[in-house]
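The values are calculated or read from the model by the stated rules, or taken from the named source; none is laboratory data. Not measured: the values here are computed from a predicted model. As a convention, Cβ positions derive from the backbone with ideal geometry for all residues, glycine included, and neighbour counts pool all protein chains shown. Just the protein is used for accessible areas: all its heavy atoms, side chains included, with ligands, DNA and RNA removed. Shrake-Rupley method; radii C 1.70, N 1.55, O 1.52, S 1.80 Å.
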Amino acid sequence: MSAVDPALISRFDRDFAAALGRPVAPDEQIAMAVSGGPDSMAMLTLAVRAFPGRVIAATVDHQLRRESADEAAMVAAHCATLGLAHAVLVPEAPIGSSNVQANARTARYRLLERWAVNSGAFVLATAHHADDQAETFLMRAARGSGVAGLAGIRVRQRVALPPPGSAFGTRPLDIVRPLLGWRAGTLRDMVTHAGVPFVDDPSNGDAHYERTGFRALLNASGLLDAASLALSAANLAEADAALRAMEGWLWQTRRVAPVGLAPPDDEVWLDLSGLPRELKRRLARAAIDQARLVNGITRPGFSAASNVEALLDALDSGTAATQGGILAAPQPGGICRFCPAPPRRSR
């Protein structure tokens, strides 16, 4: 294996620390998701040079293609030449034939997060890059997504999982994407010149998948620049973070109680008066989520991405509306009450 440009290693070191939000500790173990594609093999190649002796790797074999076992074995063999610990992770249940990419992603992260925590790592890195970010931006723009959706793939996400051997308590795991500022071509060129083995997943060109169409659009258009789109997503991520901070402050300052009464434990009362629609949108989602949580409501489904526009329109017109099993009812003075929706009457 040939040498790698020291400038690329230094850049990766800086970008990794920026993604993590702090310098990597001298004795810190770093878990890496390595599929065998050029992007993840490039990340692994850079990481073993930037953080020698601190990298472990895992490959998820979804068992969706005949070649996947051989690809995982290729990564394992390469890790062995580098002296790295490597694990092959297989989902406990088949992925199925519907909504394949979404189900595979859910299974993949579940496996990787548990493996990283069980291995003692506090950081898990994935190889998403600027081209991935640009594709995500275009996909979500085509769906009419707002600020949070257009922010795309986050550079860092924190999850909490039970520590090994314990069913109680949790500990954090930071999932970082240090390559979001890197172009796919740069990563492929690096591993090609360094003689690092890699494979191209044929599903990346499968026209059945939505992302493939947007990838083709991005590659074919001279007017769409992946790096610029990725930068737009990063700027929107900053805006989303600022809005989240504002949402947190408003959640504390706009919580109210019925006149003359203590705040009910199973309800949320919010003063939404005078707020821009985006902040109303965020607070309404938070109120529905909180009311569902304290009342143990799990059906119908609801998430932070649920569309609440019809509910907001109803509230603005002075009408109650139900979503996610929660009734949102306007009160005098711009107050809104969020409580469990009454059961439907049977005929």
Self-check item: Per-region count, segment 203-218, residues at pLDDT below 75, part of a helix (DSSP H, G or I) and not small (Gly, Ala, Ser)
Solution: 1
Quiz prompt | Filter pass, residue 191 being farther than 24 Å from residue 214 by Cβ and not in a strand (DSSP E or B) | solution = yes
Exercise. For residue 93, state whether it is closer than 19 Å to residue 37 by Cα and among the hydrophobic types (A, V, I, L, M, F, W, C).
Key: no
Practice problem: Return the residue satisfying two criteria in turn: it lies in segment 155-176 and is open to solvent by less than 30 Å² (accessible area, probe 1.4 Å) and within 15 Å of the chain's Cα centre (by Cα), and of such residues it is farthest from residue 129 (Cα to Cα). | Solution: 173
Quiz item: Is it the case that some residue within segment 54-67 is at pLDDT 95 or above, within 22 Å of residue 164 (Cβ to Cβ) and either open to solvent by 40 Å² or more (accessible area, probe 1.4 Å) or out of contact with any strand residue (DSSP E or B) (no Cβ under 7 Å at 6 or more places or on another chain) (or both)?
Solution: yes
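From 250, 261, 315, 311, grab the single residue that is modelled with pLDDT under 95 and either part of a helix (DSSP H, G or I) or open to solvent by 50 Å² or more (accessible area, probe 1.4 Å) (or both). Break it down stepwise before answering.
On the way: 250 fails: modelled with pLDDT under 95; 315 fails: modelled with pLDDT under 95; 311 fails: modelled with pLDDT under 95.
Among 250, 261, 315, 311, only 261 is modelled with pLDDT under 95 and either part of a helix (DSSP H, G or I) or open to solvent by 50 Å² or more (accessible area, probe 1.4 Å) (or both).
From the list 242, 304, which one is under 25 Å from residue 148 (Cα atoms), of a type in the set (A, V, I, L, M), out of contact with any Ser or Thr (no Cβ under 9 Å at 6 or more places or on another chain) and at pLDDT 95 or above? Full working, then the answer.
On the way: 304 fails: at pLDDT 95 or above.
Only one candidate passes the filter, namely 242.
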Quiz item: How do the helices (runs of 4 or more DSSP H) wholly within segment 87-154 filter down when requiring 1 or more residues that are open to solvent by less than 40 Å² (accessible area, probe 1.4 Å) and closer than 26 Å to residue 166 by Cβ: which remain?
Solution: 100-118
Quiz item: Could you say whether any residue in segment 177-191 is out of contact with any Lys or Arg (no Cβ under 7 Å at 6 or more places or on another chain), at pLDDT below 95 and of a type in the set (Val, Ile, Thr)?
Solution: no
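Is there a residue being part of a loop (DSSP other than H, G, I, E, B), touching a residue at least 12 places away in the same chain (Cβ under 8 Å), of a type in the set (Ser, Thr, Tyr) and within 19 Å of residue 176 (Cβ to Cβ) anywhere in segment 31-39?
As a first pass, look at segment 31-39 and keep what is part of a loop (DSSP other than H, G, I, E, B): 34-37.
Within this subset, residues satisfying the condition of being touching a residue at least 12 places away in the same chain (Cβ under 8 Å) are 34-37.
Retained after the next criterion (residues that are of a type in the set (Ser, Thr, Tyr)): 35.
Still in the list and also within 19 Å of residue 176 (Cβ to Cβ): 35.
Yes - at least one qualifying residue is present in segment 31-39.
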Quiz item: Which of the residues belonging to segment 274-299 are part of a loop (DSSP other than H, G, I, E, B) and open to solvent by 50 Å² or more (accessible area, probe 1.4 Å)?
Solution: 274, 276, 296, 298, 299
